[in-house]
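Down below is the structure, laid out as structure tokens.
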Amino acid sequence: MFTAGAALAGCAAVDEVLPQRSDLFQLSNDAQLAYEAGEDARAEKLYQALARSAPNDPEIWLRLGNLYARANRPDAAADAYQRALALKSNDARVWHNLAVVRLRQGWAALIQANAALDAQDPLYRETERMIGHLGQMPAVGAQPAPGAPASRQEPKR
């Protein structure tokens, strides 16, 4: 038989595992302050903790994606943006930032392809042309060459 005592014991166990609402609010506030202050390493840790506690909040995934993009970690950024879109598919900011990350990845791939090509290969001129076009886009051209430190160009919030 299920008793009231067992029910209360079950609630206590859940309360021990889940952060209290006030703790989540404080964590969220600390994460936002670190993010806005440019304390990216601290903000990333705080947003990762928030993502574990509130995985269905698309804003958390957007911010994580932005932090990963700032750190020149495009695969992690794209994954975070995809998580945000799975939760809120009509957020134009997330679509924009995902597109920028993917364009930068394409640009970097073209640079690598071009470096591997012989100058006499017809594909060499085509990759150079594409690199030039993509490099003229402000969001893409601001991206450092592969291996260089990331720029501080801010993704859409």
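Observations on the model:
- Ordering of 123-129, 103-109 by burial proxy (mean other Cβ atoms within 10 Å per residue, highest first): 103-109, 123-129
- If a spin label sat at a point 7 angstrom from the Cα of residue 23 along the line to its beta carbon, the backbone N atoms of the stretch 42-63 nearer than 16 Å would be those of 46-55.
- Point-to-point label distance, residue 118-residue 133, nm (Cα→Cβ direction, 7 Å offset): 2.6 nm
- Database remark: amide H of residue 117 closer than 5 angstrom to no amide H (H placed geometrically; neighbours at sequence offset of 5 or more, or on other chains; Pro and chain starts carry no H).
FYI, it's all coordinate maths here, none of it is from the lab. Just so it is clear, the structure is predicted and the values come from calculations on it, not from any experiment. Here Cβ is always computed from backbone atoms with ideal geometry, including for glycine, and neighbour counts include all displayed protein chains.
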